[in-house]
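Down below is the structure, laid out as structure tokens.
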Amino acid sequence: MDNTVKYLYRLSDGNFVETVLMKYNYGYSICVSTQVGCKMGCKFCASAIAGFVRNLSPSEILMQIYETEKNSAVRVSGVVMMGIGEPLDNYENVLKFLSLVSDSRGNNFSLRHVSLSTCGIVPRIYDLASLKLGLTLSVSLHCADDSGRSEIMPVNKKYNIEKLIEACRFYINNTGRRVTFEYAVIDNVNSSDNDADKLAFLLKGINCHVNLIPVNKIRERNYRTAKAGVAEFAKRLGRRGINATVRRTLGSDIEAACGQLRRDAVEKSNLNGGADF
């Protein structure tokens, strides 16, 4: 209903990845996957439910742009690496993809129009900062204290919030680029006034933007977001000096959230004994 198109690409080995084409006033953005499945195990995300299989090659990431542009007959003006998988867990291949997509002999794409999302693999944030590529780093935060974040994001048990924020500060100082913090507002998990206050305190003084997201509904989880909850959360952050916006929800009628289409395709393929369908 909002001109969002979701693609399910079947790879040469029979695995599936998802790609989403989104239309905005300024043009088209594409959300690409970087892995088949995901190891990170975030509880509110469908990407890991069908399991991790392997990393995507640079050409398989690039293919998602070329094939989508070909099929849709549009030119993509923005790339978000927020599809299935953790980009910094496939670091070398992602760097090669960035080199290819920005090459003058290819898309000649400015990396300032690329956003890379990570759940917080701290050593790789430092590595990325040293390269000064010009891309936007988006960090999936989703909770402002270690106990809550570890509950919904297992990666926090290895790289806690203190280490993550320290790495983000380094990224900002070393690149001159603002960091975006993604925060899915989940009822009875991280959506209270106290949660907003803790988030504002955590991010005070950091050159950042907070992107608030209504949590995606997936059948395996019971996470929900109250209709007015995200807007109220944003207002509370704003009163405390934190720049926050509510992400426009795209593709909800086609289950465009990461992992849902692949999950269904894997289930259907298994029912058919791995045959095409």
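The values are calculated or read from the model by the stated rules, or taken from the named source; none is laboratory data. A quick note: this is a predicted structure, and the numbers were derived from the prediction, not measured. Counting neighbours? That spans all protein chains shown, and the Cβs are built from the backbone with ideal geometry, glycine included.
For the range 115-138, name all the residues that are in a helix (DSSP H, G or I) and of a type in the set (S, T, N, Q).
S130 - this is the single residue of the range 115-138 that is in a helix (DSSP H, G or I) and of a type in the set (S, T, N, Q).
Every residue in the range 161-170 that is more than 16 Å from N207 (Cα to Cα) and buried (at least 16 other Cβ atoms within 10 Å of the Cβ), please. Talk me through it step by step, then tell me what you get.
Looking only at the range 161-170, we keep the residues that are more than 16 Å from N207 (Cα to Cα), and these are 161-163.
Correct list: I161 only.
How many residues, within the range 38-61, are at pLDDT 95 or above and in contact with a Lys or Arg (Cβ under 8 Å, 6 or more places away or on another chain)?
Residues flagged as at pLDDT 95 or above and in contact with a Lys or Arg (Cβ under 8 Å, 6 or more places away or on another chain) within the range 38-61 amount to 1.
Take the range 1-26 and flag every residue that is farther than 16 Å from C38 by Cα and polar (S, T, N, Q).
N3, T4, S12, N25
Give S47, S57 a once-over and let me know the one that is out of contact with any Cys (no Cβ under 6 Å at 6 or more places or on another chain), in contact (Cβ under 8 Å) with a residue 12 or more places away in the chain and among the small types (G, A, S).
Within the list S47, S57, the selection yields S57.
When only residues in the range 204-221 that are in a loop (DSSP other than H, G, I, E, B) and modelled with pLDDT of 90 or more count, which is surrounded by the fewest Cβ atoms within 10 Å (Cβ to Cβ)?
It comes out as G205.
Are any residues in the range 119-139 hydroxyl-bearing (S, T, Y) and either within 20 Å of S102 (Cα to Cα) or crowded, with 20+ Cβ neighbours inside 10 Å (or both), and if so, which ones?
S130, T136, S138
Quick test of your reading of the structure: C38 fulfils all but one of (1) surrounded by fewer than 18 Cβ atoms within 10 Å (Cβ to Cβ); (2) closer than 21 Å to F97 by Cβ. Name the failing condition by number.
Failing condition for C38: (1).
Residues of the range 1-36 being farther than 20 Å from S138 by Cβ, assigned to a loop (DSSP other than H, G, I, E, B) and free of Cβ contacts under 8 Å to residues at least 60 places away in the same chain, which ones?
Scanning the range 1-36 gives N3, L11, S12, D13, N15, N25.
Say we look at the range 8-35 and pick out the residues that are over 22 Å from E92 (Cα atoms) and touching a helix residue (DSSP H, G or I) at 6+ places or on another chain (Cβ under 6 Å); which of these is surrounded by the most Cβ atoms within 10 Å (Cβ to Cβ)?
My answer is L21.
Yes/no per residue for (1) under 18 Å from S29 (Cα atoms); (2) out of contact with any Ser or Thr (no Cβ under 8 Å at 6 or more places or on another chain); (3) of a type in the set (A, V, I, L, M); (4) part of a loop (DSSP other than H, G, I, E, B):
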position	(1), (2), (3), (4)
F52	no, yes, no, yes
Q64	yes, no, no, no
T68	yes, no, no, no
G78	yes, no, no, no
E92	no, yes, no, no
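Only one of these conditions is not met by R149: (1) surrounded by fewer than 21 Cβ atoms within 10 Å (Cβ to Cβ); (2) of a type outside the set (S, T, N, Q); (3) in a helix (DSSP H, G or I); (4) out of contact with any strand residue (DSSP E or B) (no Cβ under 9 Å at 6 or more places or on another chain). Which number is it?
Unmet for R149, out of (1) surrounded by fewer than 21 Cβ atoms within 10 Å (Cβ to Cβ); (2) of a type outside the set (S, T, N, Q); (3) in a helix (DSSP H, G or I); (4) out of contact with any strand residue (DSSP E or B) (no Cβ under 9 Å at 6 or more places or on another chain): (1).
Every residue in the range 171-203 that is more than 21 Å from I121 (Cβ to Cβ) and loosely packed, with under 14 Cβ neighbours inside 10 Å, please.
Scanning the range 171-203 gives G176, N188, D193, N194, F201.
I'd like to check something: does the range 63-70 contain any residue that is more than 22 Å from L88 (Cβ to Cβ) and in contact (Cβ under 8 Å) with a residue 40 or more places away in the chain? Reasoning before the result, please.
Narrowing the range 63-70 to residues more than 22 Å from L88 (Cβ to Cβ): 66-70.
Pick out the ones that are also in contact (Cβ under 8 Å) with a residue 40 or more places away in the chain and you get 67-68.
Yes.
Across the range 92-110, which residue is modelled with the lowest pLDDT among those that are over 21 Å from S12 (Cβ atoms) and either surrounded by 18 or more Cβ atoms within 10 Å (Cβ to Cβ) or among the β-branched types (V, I, T) (or both)?
By that ranking, first place goes to F109.
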